[in-house]
Amino acid sequence: MILDLARLFINFFMTGLFSIGGGLATLPFLYDMSDRTGWFTHEELSNMLAISESTPGAIGANMATYTGFHVASLPGAIVATAGLAMPGIIIILIIARVLAVYRNNPYVESAFHGLRPASVGLIAAAAVSVLQISLLHWERLGAGTWTELFHFKAILLAVILFILTRKFQKIHPVVFLAGSAVIGIIFSFAE
Amino acid sequence: MKQLLELFISFFKVGAMTFGGGYAMLPILEREVTVNKKWISTEEIMDYYAIGQCTPGLIAVNTSTFVGNKLAGPAGGVIATLGFLTPGFLVILLVAVLLNNVMDYEVVHHAFAGVRVCVFVLIVNTCIKMGKSSIDGLFTFGIFAVVLAATVFFSVPPALLVILAGILGVLQGLRRPAPESGEKQDDDPGKGGLS
């Protein structure tokens, strides 16, 4: 038991330490972990990815919780999730301290002048990937007619949501999220 | 103590409303910490987010740690991260224990297909808002466009792009009058971007 927990911690700590760029960046490491340890199969991994995309929280953290639970129940889930999060926490705390000292350094300020638009570019790229899975049938590319590429109900909902969210900015996003879930059910969005 | 509790609750809320990983966190986080609580500015979130992209670990964890640390020191960083991770943790435990096959229910697929559309719109809104405050000319627009294209079309690792953008920012800062700059980058920090 203790040995399992130690192995879980070390494996997920290493994953957290080496995956740069968020949850999806942990995937190659998780595939590798699956091959080495046999804790979970590749198929379980892809199922988990689907579940993670539709449940709250970070994808990598969800994978750690799930794997840890299967290997060593609740203590395993805690140890694996903590192991994954820990490198990031430690490194960010160090960076924050360094940054506090150099905050007003002109070089640091210029660096941020370049970083911010890059940050927006990355968010826009994320929007594009969500666009592919929510408004388009990307998997049908090259098969059938071009109109089959579009998920028309979803596009209509997106336009309506865009107008509503901009018009009623005081309303909390979760209201729109919940509303969209209901609309998705009523109009059978998963085609 | 009270502040830590408030941090935990705020990040618990953000964690509970984040569907689909780190990126989906931003619109919710931005609402909670800049609009509702007025703890930090949108610019700071962008800085933290950019740094979170090029440092090891999960973006959501890194961003939570940054914000929490800024408000209440290292303990705040840890508490904010714990708060963010807790809802997902509980849900996954529930999934693992009770219904390993949630995805077998068709209604779940329909609901999440709807939610994804909304996540898309929320991310676009965040983009517009953050773009307005960070894109102030040709140089910054160039970085935005190149990063977007490089990620979408060429799957260039985000960490690399963030680091290059930081270097470009410094190089551009070295040249006092800054009319314009392209996407080419120069690795030698001593030279400065000369045209």
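The values are calculated or read from the model by the stated rules, or taken from the named source; none is laboratory data. This one's a predicted model, so the numbers in the text were calculated from it and none came from an experiment. Virtual Cβ from ideal backbone geometry, glycine too; neighbours counted across all protein chains shown. The protein model used for the area step is the full one, side chains on, heavy atoms only, and it has no ligands, DNA or RNA in it. Shrake-Rupley method; radii C 1.70, N 1.55, O 1.52, S 1.80 Å.
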Could you pull out the residue among B:THR42, B:THR18 that is assigned by TED's automatic domain parsing to the domain that holds B:VAL117 and buried (at least 24 other Cβ atoms within 10 Å of the Cβ)? B:THR18
Being of a type in the set (S, T, N, Q), facing chain A (nearest Cβ under 8 Å) and closer than 27 Å to A:VAL182 by Cβ: is that true of B:THR18 here? yes
Could you count how many residues in the range A:150-183 are facing chain B (nearest Cβ under 8 Å) and touching a residue at least 12 places away in the same chain (Cβ under 8 Å)? 7
Evaluate the range A:135-149: report whether one residue or more is touching a strand residue (DSSP E or B) at 6+ places or on another chain (Cβ under 7 Å), within 11 Å of chain B (Cβ to nearest Cβ), touching a residue at least 24 places away in the same chain (Cβ under 8 Å) and surrounded by 15 or more Cβ atoms within 10 Å (Cβ to Cβ). no
Qualifying residues in the range A:99-134 (those that are hydroxyl-bearing (Ser, Thr, Tyr) and facing chain B (nearest Cβ under 7 Å)) - the one nearest to B:HIS110 (Cα to Cα): A:SER134
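Can you tell me which of A:GLY22, A:GLY16 is modelled with pLDDT under 90, under 19 Å from the mean Cα position of the chain (by Cα), open to solvent by less than 30 Å² (accessible area, probe 1.4 Å) and on the phi < 0 side of the Ramachandran plot?
A:GLY16
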In the range B:23-39, is there at least one residue being in contact (Cβ under 8 Å) with a residue 60 or more places away in the chain, hydrophobic (A, V, I, L, M, F, W, C), more than 7 Å from every other protein chain (Cβ to nearest Cβ) and open to solvent by 60 Å² or more (accessible area, probe 1.4 Å)? no
Of residues in the range A:96-116 being farther than 21 Å from B:ILE143 by Cβ and of a type outside the set (S, T, N, Q), the one least open to solvent (accessible area, probe 1.4 Å): A:ALA96
Given the conditions (1) of a type outside the set (Ser, Thr, Tyr); (2) buried (at least 23 other Cβ atoms within 10 Å of the Cβ); (3) more than 9 Å from chain B (Cβ to nearest Cβ); (4) touching an Asp or Glu at 6+ places or on another chain (Cβ under 8 Å), which single one is not true for A:ALA80? (4)
